[in-house]
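Beneath this line is the structure, given in structure tokens, with notes to follow.
What follows is calculated from the coordinates using simple rules that are stated; it is not laboratory data. The structure displayed is predicted, hence computed values, not measured ones. Because the Cβ atoms are built from the backbone with ideal geometry, glycine has one as well, and the counts that use them run over all protein chains shown.
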Amino acid sequence: MIDKINNFCKINIVFLIIFLFANFNIAAQSNVGNKYGLNVINNIKVLKRETELDADKKMIDVKKAIPSLVIDLKYATTHNFMHRRLYPALRTTYLRLPVVNALKKVEAELNKKNVALKIFDAYRPYSVTEEMWDAVKDSRYAADPSHGSGHNRGIAVDVTLENLQTKKELAMGTGFDNFSDSAHTNFIKLPDSVLYNRRLLITVMKKYGFNSLDTEWWHFSFPDADKYELLNVSFNDLKKLNKRLKY
């Protein structure tokens with residue numbers, strides 16, 4: 001009997017050691033700095049643990065949460081400044097829970113004006129930001145990986161407006177990823193209709209908590225960026241994680 005008890009205790013100790021080691025590994029992975037000294041989450045288990053501690057950190061399937069949104073991810077195609085696919089083929093994208101909740105309010109207000117949001121980009125893996133920086137190296141138009149991007153944190157979104165009936169984009173003066181002064185939010189040498197469309201987009205986005213970027217009329221981000229970790233988690237892993245999320 002004593003031998004059985006001893007064996008039972010030994011087995012439990014082994015399992016306890018394995019459990020503690022696994023959790024230590026997960027915790028360690030969320031605190032390992034990259035070459036810039038930044039902590040970037042690469043492991044879906046680490047992200048899952050973070051979301052269990054703070055529900056605001058959940059990465060939500062945007063299309064599932066807001067079905068009326070139009071998703072047109074430029075980096076999942078070759079129609080972008082890199083002229084190649086940076087993402088796999090995607091029908092949705094992901095953002096943190098408070099950002100999605102704010103977008104719901106934006107979309108609802110815009111729909112009353114017969115327009116809808118179209119998303120060009122949202123969550124962007126950190127490794128993609130590194131690729132973009134290598135090609136541009138201009139912080140006006142690409143995020144410096146030594147700081148990371150709001151897209152990497154799941155709190156930034158690139159959007160335009162689309163007519164609800166015609167499904168055509170409203171004129172904004174330039175296309176997406178236009179690296180010129182005419183894409184700046186303070187550029188006014190544009191037709192009145194374009195200025196109105198830009199003003200409508202910026203006004204409604206700001207109303208629900210988003211900040212605009214001076215050099216890109218399409219770019220908006222949520223405040224308190226430091227609250228959210230930089231992510232380099234694959235879209236496939238986010239899809240798997242979302243199947244288990246309740247929101």
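Listing for the model above:
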{"read-out": "Debye-sum result for the chain in log10 I(q)/I(0), which assumes one identical scatterer on each alpha carbon, at q = 0.10 Å⁻¹", "value": "-0.52"}
{"read-out": "Relative compactness, the range 80-221, computed as alpha-carbon Rg over 2.2 N^0.38 Å", "value": "1.03"}
{"read-out": "Stretch gain in nm, segment Asp214-Arg140, where the contour uses 0.36 nm per residue and the Cα spacing is subtracted", "value": "25.8 nm"}
{"read-out": "Residues of the range 212-247 with amide N under 18 Å of the 7 Å Cα→Cβ point at Phe81", "value": "212-221"}
{"read-out": "Cα-Cα over 31 Å, subset of Lys35/Lys104; Lys45/Lys104; Lys74/Lys104; Lys118/Lys189", "value": "Lys35/Lys104"}
{"read-out": "Fluctuation leader among Asn114, Asn211, Asn80 - the chain, Gaussian network, Cα springs under 10 angstrom", "value": "Asn114"}
{"read-out": "Phi to ³J(HN,Hα) by Karplus 6.51 cos²θ - 1.76 cosθ + 1.60 over the range 70-81, Hz, x for Gly, Pro", "value": "9, 10, 9, 6, 5, 7, 8, 10, 9, 8, 8, 5"}
{"read-out": "Acute angle (nearest 10 degrees) that the helix 44-53 long axis makes with the longest principal axis of the chain, alpha-carbon atoms", "value": "90"}
{"read-out": "Fraction of antiparallel bridges per DSSP, the chain only, in percent to nearest 5", "value": "80"}
{"read-out": "Residue exposure sequence - Thr78, Thr92 - by fewest surrounding Cβ within 10 Å", "value": "Thr78, Thr92"}
